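Structure first, commentary second.
The values are calculated or read from the model by the stated rules, or taken from the named source; none is laboratory data. Keep in mind that what you see is a predicted model, and the values were worked out from it rather than measured. Positions of Cβ are backbone-derived with ideal geometry, glycine not excepted, and every protein chain shown enters the neighbour counts.
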Amino acid sequence: MAIDSDNPFLPHEIITNVLKRLPVKSLIRFLCVCKQWKNLIKTRSFVADHLQHSSNQSPFLIWHWNDDTKRQHLEMMDYKSRVLQGLPSTMISSRACRIVGSSNGVLCVQIYTETSSLPSLLLCNPATREVSEVPQPINNINGEFRVGFGFSPIVNDYKIVISGATLLNNLVEVYSLSKRSWKEIKVGNFGVVEFSPCPPVTANGAIFWSGCFSLEGENNLVIGGGEENYDWVIISFDIAMEEFSLISLPDLLDFGFWDKLTVYKGKLAILSLDVIGHYESSRIDLWVMEENIGASGERWSWSNIYTVSTFSYMVPCCIWLDEIVCKVDNIPEDETALYILNLNTLELKKFATCRRGYSHSITSTYVESLVPVANIHNEKADSKS
């Protein structure tokens with residue numbers, strides 16, 4: 001009995017419900033099954049349904065690092081299997097690069113160049129092997145610059161924001177993935193605020209950086225040394241409204257260069273490292289921010305929800321569900337080791353190493369998706385297929 005492809009045995013709703021639960025690798029193969037499936041998988045509604053299902057699963061840990069042969073290593077680890085899976089290094093061909101951010105399965109990657117004052121940026125989807133080069137910003141940037149990336153469900157758009165290292169009545173540029181273009185936005189009068197070199201994080205439709213607020217005005221910001229004249233703050237960028245604001249840090253937190261912004265259960269958080277004595281041991285505190293207007297009139301409030309004692313030279317990197325990913329450099333054989341510290345059981349496990357002295361970046365919010373990134377370079381999801 002012949003099967004009419006236009007009248008499948010299963011209703012359209014059931015087919016959609018089954019397909020949205022499959023990994024991206026399988027869906028890419030199924031593009032060749034029939035025209036009906038291909039058209040379905042490429043619709044915006046299916047991409048959104050598949051992403052929603054993927055977001056309810058455990059996120060992957062993405063680990064990017066460079067070795068002494070100038071090769072790129074882009075690896076991801078599934079939370080349940082705890083097995084590192086290598087991704088094609090050809091997705092990021094440059095030696096000097098870093099992951100700016102991750103949102104809904106899309107990575108923003110900054111490529112470092114020596115010949116241009118303009119940043120070179122890529123958007124890539126590791127699951128679909130799709131890579132898109134972002135157009136150059138409108139203006140040249142003199143000196144250092146900072147980049148952030150994120151998604152806003154309010155405007156249903158992915159945006160990249162780029163600014164000079166100091167936010168002083170500075171023109172900032174924002175790239176919209178839906179419009180495929182940059183535009184300039186004006187910054188309010190915040191005084192002299194300088195972004196720290198630490199990577200930003202994204203949560204609830206906003207991008208967050210740590211930064212320093214000058215207490216003595218323009219051209220007097222001194223970071224490091226014995227005469228600091230600044231306060232640490234958090235710089236927030238609302239992706240939908242395209243507006244900056246400043247957030248105060250917890251009163252009891254002595255923020256420093258070892259401390260990291262992270263995301264815990266969808267909320268902005270801080271991993272604070274306090275070294276005890278002469279590096280005999282250390283303590284990690286997890287602070288979580290709540291956004292609400294309390295009796296004091298403050299929009300944000302902070303809570304210290306975890307305090308964990310660890311051995312020396314362990315530096316927290318990010319939160320991965322209920323675990324802290326840490327790195328340790330002070331080990332034999334010139335290596336950097338990555339550990340996972342479970343916040344519930346306090347169990348500590350080593351899971352990976354790389355050569356010390358070479359750049360690496362870690363993100364813990366990656367989920368597989370079909371989100372397109374304006375494909376200009378598309379590798380096969382499976383070279384054997």
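Being at pLDDT 75 or above and more than 19 Å from the chain's Cα centre (by Cα) is the filter here, so list the residues in segment 61-111 that pass it.
Residues satisfying the conditions are K80, S81, R82, V83.
From the list E291, E280, E243, which one is among the charged types (D, E, K, R), at pLDDT 90 or above and either surrounded by fewer than 20 Cβ atoms within 10 Å (Cβ to Cβ) or assigned by TED's automatic domain parsing to the domain that holds H64 (or both)?
Result: E243 is the single residue among E291, E280, E243 that is among the charged types (D, E, K, R), at pLDDT 90 or above and either surrounded by fewer than 20 Cβ atoms within 10 Å (Cβ to Cβ) or assigned by TED's automatic domain parsing to the domain that holds H64 (or both).
I'd like to verify a number: residues in segment 310-326 that are at pLDDT below 85 and part of a strand (DSSP E or B), how many? Talk me through it step by step, then tell me what you get.
Just the residues of segment 310-326 that are at pLDDT below 85, to begin with: 310-314.
From what is left, the residues that are part of a strand (DSSP E or B) are 310-311, 314.
Residues flagged as at pLDDT below 85 and part of a strand (DSSP E or B) within segment 310-326 amount to 3.
Scan segment 23-45 and report the pairs whose first residue is at negative phi and whose second residue is loosely packed, with under 13 Cβ neighbours inside 10 Å and in a loop (DSSP other than H, G, I, E, B), with Cβ atoms within less than 7 Å and a gap of 6+ or a chain change.
Note: pairs meeting the criteria are K25/D382; R29/S385; C34/S5; Q36/S5.
Listed residues V161, V187, V155; which is touching a residue at least 24 places away in the same chain (Cβ under 8 Å), among the aliphatic types (A, V, I, L, M) and crowded, with 20+ Cβ neighbours inside 10 Å?
Details: V187 fails: crowded, with 20+ Cβ neighbours inside 10 Å; V155 fails: crowded, with 20+ Cβ neighbours inside 10 Å.
After ruling out the rest, the residue left standing is V161.
Which pairs do you get when a residue that is under 21 Å from N204 (Cβ atoms), found in segment 241-260, comes within reach of a residue that is of a type in the set (F, W, Y) and part of a loop (DSSP other than H, G, I, E, B), reach meaning Cβ atoms under 9 angstrom, with the pair 6+ apart or on two chains?
F244/F190; S245/F190; L246/F190; L249/F255
So is E173 part of a strand (DSSP E or B), without any contact (Cβ under 8 Å) to a residue 60 or more places away in the chain, touching a Ser or Thr at 6+ places or on another chain (Cβ under 6 Å) and among the charged types (D, E, K, R) or not?
no
Output the residue which, of all residues in segment 8-30 that are within 15 Å of T128 (Cα to Cα) and among the β-branched types (V, I, T), is surrounded by the fewest Cβ atoms within 10 Å (Cβ to Cβ).
Among them, the one singled out is I28.
Do we have any residue at all in segment 249-270 that's at pLDDT below 90 and either of a type in the set (S, T, Y) or not assigned by TED's automatic domain parsing to the domain that holds G164 (or both)?
No, that holds for no residue.
Evaluate segment 151-164: report whether one residue or more is under 17 Å from the mean Cα position of the chain (by Cα), among the basic types (K, R) and assigned by TED's automatic domain parsing to the domain that holds D231.
yes
Restricting attention to segment 31-52, report how many residues are surrounded by fewer than 15 Cβ atoms within 10 Å (Cβ to Cβ) and either more than 15 Å from V106 (Cα to Cα) or in contact with a strand residue (DSSP E or B) (Cβ under 9 Å, 6 or more places away or on another chain) (or both).
Qualifying residue count for the region: 11.
Tell me which residues, restricted to segment 131-167, are under 22 Å from F213 (Cβ atoms) and among the hydroxyl-bearing types (S, T, Y).
S163, T166, listed by residue number.
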